[in-house]
């Protein structure tokens, strides 16, 4: 993982922590959030950041088209 990848992963993990703090302690949503964080970390470690960025842009474009 490059230093830029590491920085981006930490930035995204910080966002997930903000969301986590807003959930109640027994929220069933926490499982999805934690698993998303684990998956994100694994993808970055495996060098898939560019694929994540590509898919994110694709989904953002779809969302904008539907507005």
Ellipticity estimate at 222 nm from DSSP helix runs (n ≥ 4, -39,500 (n - 2.57)) divided over the chain, nearest 500: -28000 deg cm²/dmol
Of 23, 33, 12, the one that fluctuates the most in a GNM where the chain has Cα springs shorter than 10 Å: 23
Which labelled figure in (i) 1.06; (ii) 1.03; (iii) 1.19 is Rg/Rh (Cα atoms, Kirkwood Rh), once derived from the coordinates: (ii)
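Read-outs throughout are calculated quantities, based only on the coordinates presented, and are distinct from any laboratory measurement. Remember, it's a predicted structure, so these values are computed and weren't measured experimentally.
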